[in-house]
Amino acid sequence: MSNDVLVIGGGIAGIQAALDLAEMGIQVHMVERLPSIGGKMAQLDKTFPTNDCAI
Amino acid sequence: MEQVSGEVGAFQVAVRKKARYVNENLCTGCGACAEKCPTMVVDVFNAGLGNRKAIYKYFPQGIPSVFTIDAAACRQLGQGKKCGVCAKVCQAKAVDYDQKDTLIQLEVGAVVIATGYEVFDPSVIPEYGYDRIPNVVTALEFERLLSASGPTAGHLDRPSELALVKEMEEAEKEHKKLQRQVSQLEEKHGKPSSEIVAAFQSGTLPDDADLRNWALLAQDLASLEARLDSMNRRKATASVARKLAFIQCVGSRDFRFNPFCSSYCCMHSVKEAMIAHEHDNGVHSSIFCMDLRAVGRGFEEYKLRGGKQANIRYIRGRVAEITQDEALNPVVWYESTQNRQVVHETFDLVILATACVPSPGAAELARQFQVELDRNGFFKTDPLAPLNTSRPGVFVCGCAQGPMDIPESVAQASSAAARAAEIVAPARQAVG
C-alpha cells in the first residue's frame, strides 16, 4: 500500500488537485510535460466573467 | 509516463524525468544565460508570435524558476557545434550539458489525471485561411497579443505588421551589408556605381569578373532600396487593430471535425473583446455565432455588459469564408440570418474561437493506464461518478475529460483530490 498520490498534468486542474491533497497532508508527485507548471491558464491574460488576472 | 502496473492502493509507475541540461538545485534563475545565448527559437508560450532563446524559462513567472535548454535547438547539444556560452556566463555553474534523462520509480495509492486539452488547429479548415491570411489568428494567439507580458506588450499590433517589422529589420541588415560592399568597390575603382550599372545594362562593360560582380551588387542594392521604400510606406500607413471579428465554433459543433460544443469559447471571445476595448476604447468587435452560450453564473450579465459598454455586436450567422483584400485586411463572408442575405464585411483582425480537443498524449496515457476514452478522445467517465475513469483508483478532472471553463476545472480538481484522498488517507486504512 502507498499513501502517495500521482497527479499527471500541472495545469490549473492538476495544481488545484495537488494543493488540496497536500493540504490534507498527503504526499503528491506531480508530472508535467513542459519545463514549467501553469498550463494553458498561464497563457491567458485575464479570465471571465470578472476580468481578473490569470495565474 | 513510461510504465504503469499494480492496482488501486498500490500502483507502480515509472516516470521519465527529462534532462533540463541545467542543475535545478544550482540555477538561480538570473537569466544571464538566456541573455547571451546566440540561438533564437520560436516561442511556443507566446503562441509562435515571438522568439525566445535556446536556453529559456517557459514563461517569465514559470515555476520552477529555473532555466532549461531546448536541446534540439541548442548549438552545442542539438547541432554539434562549439558554443558553451551559457555555461561560461553562468555564475552558479548550473549548466550541465551531460545531464541525462532519469527514470523515477513511484509507488502511489491513487492517480489524478489532469492532462488538459489542446487547441484545435484551424489550418485544416481551408475556407478560413488561417495559414494563408496573416491577420487571422486563434483566440489563444490573440490572448498573447492582449497580454501586457506578451510579444506586443498588450498593443493590438496586427500580425501582418509584426511580420513587416521583422522583414524590414532583415532587409535593413542586408542593406547595410550590400552598401558596405558597394562602397568598398567604389573606393577601390574610384568610380560611382551608377556608371558601372549603366555600362552593364548597355552591354559595354569590359569582361571582368570583379566589375560584373560590382554591377550585380549595385543592382541588388537598388532593388533592395526600392523594396525598403515600399515597406516604409506600408509601415507609415499601418494602424493597430480596431475592428475585430470573432468567429465562434471553429472546429466545434462541426461534424467534419468535432461534433461537441467546446463550452468556454463563447465567453472567451466576449472576454477578449472586452479586454481589447478596455485597452483601446476605439475597438469595435463583432462576434459571429450560431448562438451565444452564456450558461455560467454571471455569464449572461457579462455578455450584456459587453454589448452595452464594450462596443460588441453579436451577429447570428455562421461564417462561410474569409478572404483578404489588398491592404491585408481580412474580409468575412457570412449569411445574415436577420435579413436573409449573404453579406461581407472587412475587418482589421479576425479571431478564430478554436475548439478544445483532447491533448495529443491522451491516447497513449489511456493505453498505459488501461482506461477508456470516450468517442471524442477525452477520458471516459460515468455521469453518476463524473471523476472516475474506467479503472478504480484513477481519477480524471478538468479538460482531460471534456471541454470546461476554469471554475469548473478547479471544482472538479478539488473533487478529484478528495476522491484520491479517500483511497490513501490513513484513517480509511485504519478502519478498512
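Taking B:ALA353 as the residue in question, decide whether it is free of Cβ contacts under 8 Å to residues at least 60 places away in the same chain, in the same structural domain as B:SER269 (by TED's automatic domain parsing) and surrounded by 15 or more Cβ atoms within 10 Å (Cβ to Cβ). The answer is no for B:ALA353. Of the residues making up region B:250-297, those that are small (Gly, Ala, Ser) and in contact (Cβ under 8 Å) with a residue 40 or more places away in the chain are B:GLY251, B:SER252, B:SER262, B:SER263, B:SER269, B:ALA276, B:GLY282, B:SER285, B:SER286, B:GLY296. Selection of first residues in region B:7-20 that are in contact (Cβ under 8 Å) with a residue 24 or more places away in the chain and of second residues that are loosely packed, with under 15 Cβ neighbours inside 10 Å and among the basic types (Lys, Arg), restricted to Cβ pairs under 6 Å at least 6 apart or on distinct chains, gives the following pairs, ordered by first then second residue: B:ALA19/B:LYS100. Inclusion of B:TYR334 among residues that are on the phi < 0 side of the Ramachandran plot and in a helix (DSSP H, G or I) is not warranted. Figure legend. Inter-residue proximity from region B:195-215: first residues under 13 Å from B:LEU185 (Cα atoms) and free of Cβ contacts under 8 Å to residues at least 24 places away in the same chain, second residues assigned to a helix (DSSP H, G or I) and of a type in the set (Asp, Glu), beta-carbon distance below 9 Å, spacing 6+ or different chains. Indicated pairs: B:ILE196/B:GLU186. Remark: B:VAL165 matches the filter, which requires a residue to be in contact with a Lys or Arg (Cβ under 9 Å, 6 or more places away or on another chain) and closer than 28 Å to B:GLN61 by Cα. Kindly check whether there is at least one residue in region A:38-45 that is at pLDDT below 95, out of contact with any Cys (no Cβ under 8 Å at 6 or more places or on another chain) and more than 15 Å from B:GLY116 (Cα to Cα). Checked region A:38-45: no residue is at pLDDT below 95, out of contact with any Cys (no Cβ under 8 Å at 6 or more places or on another chain) and more than 15 Å from B:GLY116 (Cα to Cα). Look at (1) more than 27 Å from B:GLY154 (Cβ to Cβ); (2) modelled with pLDDT under 95; (3) not aromatic (Phe, Trp, Tyr) and you find that B:ASN258 fails only one, number (2).
Within region B:167-190, residues that are without any contact (Cβ under 8 Å) to a residue 24 or more places away in the chain sit with their Cβ atoms under 7 Å from residues that are surrounded by 10 or more Cβ atoms within 10 Å (Cβ to Cβ) and not in a helix (DSSP H, G or I), at 6+ positions apart or across chains, in these pairs: B:GLU186/B:PRO192. Here B:ALA73 qualifies as among the aliphatic types (A, V, I, L, M) and part of a loop (DSSP other than H, G, I, E, B).
Of the conditions (1) within 14 Å of another protein chain (Cβ to nearest Cβ); (2) farther than 29 Å from B:SER409 by Cα, B:TYR264 satisfies every one except a single condition; which number is it? The one condition B:TYR264 does not meet is (2). Taken as a whole, the structure places B:GLY80 among residues that are farther than 15 Å from B:VAL22 by Cβ, free of Cβ contacts under 8 Å to residues at least 40 places away in the same chain and over 16 Å from the mean Cα position of the chain (by Cα).
Test B:SER414 against the stated conditions and say whether it is among the polar types (S, T, N, Q), within 14 Å of chain A (Cβ to nearest Cβ) and touching a residue at least 40 places away in the same chain (Cβ under 8 Å). For B:SER414, the condition - among the polar types (S, T, N, Q), within 14 Å of chain A (Cβ to nearest Cβ) and touching a residue at least 40 places away in the same chain (Cβ under 8 Å) - is not met. Residues in region B:279-335 that are of a type in the set (S, T, N, Q), more than 26 Å from the chain's Cα centre (by Cα) and either closer than 19 Å to B:GLY129 by Cβ or surrounded by 14 or more Cβ atoms within 10 Å (Cβ to Cβ) (or both): B:ASN311 only.
Residues of region B:1-22 being closer than 25 Å to B:ALA425 by Cβ, more than 9 Å from every other protein chain (Cβ to nearest Cβ) and touching a Phe, Trp or Tyr at 6+ places or on another chain (Cβ under 9 Å), which ones? Hits for region B:1-22 are B:VAL4, B:SER5. Being surrounded by fewer than 16 Cβ atoms within 10 Å (Cβ to Cβ), of a type in the set (A, V, I, L, M) and within 9 Å of chain A (Cβ to nearest Cβ) is a property that holds for B:ILE104.
Out of all the residues in region A:31-42, is one or more among the hydroxyl-bearing types (Ser, Thr, Tyr) and under 21 Å from B:GLY6 (Cβ atoms)? Within region A:31-42 (the criterion being among the hydroxyl-bearing types (Ser, Thr, Tyr) and under 21 Å from B:GLY6 (Cβ atoms)), the answer is no, since none of the residues qualifies. For region A:17-55, the set of residues classified as within 30 Å of B:GLU278 (Cβ to Cβ), polar (S, T, N, Q) and more than 12 Å from the chain's Cα centre (by Cα) consists of A:GLN43, A:THR47, A:THR50, A:ASN51, listed by residue number. Only one of the listed residues (B:VAL66, B:VAL112) is at pLDDT below 95 and within 11 Å of chain A (Cβ to nearest Cβ). That residue is B:VAL66.
When region A:8-27 is examined, which residues are found to be more than 7 Å from chain B (Cβ to nearest Cβ) and surrounded by fewer than 21 Cβ atoms within 10 Å (Cβ to Cβ)? Explain how you work it out, then say what you get.
First pass over region A:8-27, keeping only residues more than 7 Å from chain B (Cβ to nearest Cβ): A:10, A:15, A:18-19, A:22-23, A:25, A:27.
Selection gives A:LEU19, A:ALA22, A:GLU23, A:GLY25, A:GLN27.
Restricting attention to region B:57-71, the residues being hydroxyl-bearing (Ser, Thr, Tyr) and within 16 Å of the chain's Cα centre (by Cα) number 1.
The values are calculated or read from the model by the stated rules, or taken from the named source; none is laboratory data. Just so we're clear, the structure is a prediction, and the values are computed from it rather than from any experiment. Don't worry about glycine lacking a Cβ; one is built from the backbone with ideal geometry, like all the others, and counts go over all protein chains shown.
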